[in-house]
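These notes concern the structure reproduced below.
The values are calculated or read from the model by the stated rules, or taken from the named source; none is laboratory data. Small disclaimer: the values here were computed from a predicted structure and weren't measured. Because the Cβ atoms are built from the backbone with ideal geometry, glycine has one as well, and the counts that use them run over all protein chains shown. These area figures cover heavy atoms from the full protein model, side chains too; ligands, DNA and RNA do not enter into them. Shrake-Rupley method; radii C 1.70, N 1.55, O 1.52, S 1.80 Å.
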Amino acid sequence: MLSSEESLKILKETNALSEGHFILSSGLHSAQYVQCAQLMSKPNKAIKLCNSLSERITNEFKNFDLILSPAIGGIVIGYEIGRLLKKETIFSERVDGKLKLRRDFSIERDQKILIVEDVITTGKSSLECAKIVTDSGGNIAGYACIIDRTNGKSNIKDKIVSEVKLNIPTYTKDNLPKSLLGLKAIKPGSRNL
């Protein structure tokens, strides 16, 4: 398993964790920005974090049948963890603003499901996946991600196994720290197009 420091180094090397002045999709400002798609676009680096996360999952979750990931950010990490752990992997997609199973994916009654994402911040997507599981009669085995940004502020009550835990403070436009005042703000992210 990698140490937190080793994992953080890889995240920075791949630009999955950037530093500067960012305006997030929420409108809040931050000195750091997470974009795991950058990590997953570099398979030789991503595999190191995925191997380490799969070991953590194996240590924590002894028995589960299936991996469910939310599209789009969770698809690649879910697939890779499934490949490493030899587990079937499916994903949910947004349809009219709600995550749903499509493509003939299904969850059987009493199946134990591990929800795997790239980053968990508020837990919204993970909890939407959990609702899909329980509505299908399945059971939640747990949650796993590369980066856990919940900092105790998520509605997920079960344990989250992660490769890295990050506490990234956010600020309103009127309450910026001096360190951000002199930096040009960048608006990254898929929802800012």
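Accessible area, 1.4 Å probe, largest first: how do 2, 17, 183 sort? Can you show the working numbers first?
Details: 2 40, 17 10, 183 85 Å².
Largest accessible area first, the residues go 183, 2, 17.
In degrees, nearest 10, range 0 to 90: what is the angle between the Cα axis of helix 43-60 and the longest Cα principal axis of the chain?
With both axes taken from Cα atoms, the answer is about 60 degrees.
For helix 4-13, report the angle its Cα long axis makes with the longest principal axis of the Cα atoms of the chain; keep it between 0 and 90° and round to the nearest 10°.
With rounding to tens, the tilt is 70 degrees.
Per residue, how much accessible area does the chain show when a 1.4 Å probe rolls over the protein heavy atoms, in square angstrom?
Numbers: 10650 Å² over 193 residues.
Here the per-residue accessible area is 55 Å².
Tell me what the chain gives for mean residue ellipticity at 222 nm when only DSSP H runs of n ≥ 4 count, each as -39,500 (n - 2.57), the sum divided by the residue total, rounded to 500 deg cm²/dmol. Let's see the in-between values first.
Working: 6 runs with 62 residues, N = 193.
Theoretical 222 nm ellipticity from helices: -9500 deg cm²/dmol.
Mind checking the alpha-carbon convex hull of the stretch 103-193 and giving the volume per residue in Å³? Kindly include the intermediate steps, with their values, before the conclusion.
On the way: hull volume 12.5 nm³, N = 91.
Considering the Cα atoms of the stretch 103-193, their hull volume per residue is 138 Å³.
Need one number: % antiparallel among DSSP beta bridges in the stretch 1-130, to the nearest 5.
Details: 9 of 17 bridges.
The antiparallel proportion sits near 55 percent.
Hey, what angle do you get for helix 73-85 against the long axis of the chain, alpha-carbon based, 0 to 90 degrees rounded to 10?
For helix 73-85, the angle is close to 50 degrees.
Loop by DSSP (not H, G, I, E, B), at most 13 other beta-carbon atoms within 10 Å: where is the longest site-free stretch of the chain for trypsin sites (Lys or Arg not before Pro)?
Working: sites that count: 62, 86, 102, 103, 109, 153, 157, 159, 184.
Free of exposed loop sites, the longest segment is 1-61.
Identify, among 15, 162, 49, the residue whose Cα sits farthest towards the positive end of the charge dipole of the chain, taking +1 on the Cβ of Lys and Arg and -1 on the Cβ of Asp and Glu, with the dipole about the Cα centre.
15
Over the chain, what per residue volume does the convex hull of the Cα atoms give, in whole Å³? Mind showing how you got there, number by number?
Working: hull volume 24.5 nm³, N = 193.
So the per-residue Cα hull volume is 127 Å³.
Would you list which lysines come within 27 Å of residue 87, measuring only between C-alpha atoms, while excluding same-chain residues fewer than 8 positions from it?
Residue 87 reaches 42, 45, 48, 62, 98, 100, 112, 124, 131, 157, 159, 165.
At 1.4 Å probe size, with the rest of the protein present, what percent of the exposed accessible area of the stretch 66-153 is carbon and sulfur atoms?
Working: 1990 of 4280 Å².
Within the stretch 66-153, the accessible surface is 46 percent carbon and sulfur.
On the principal axes of its Cα set, how long, how wide and how thick is the stretch 1-55? Give whole Å, largest value first.
Result, largest extent first: 36, 21, 17 Å.
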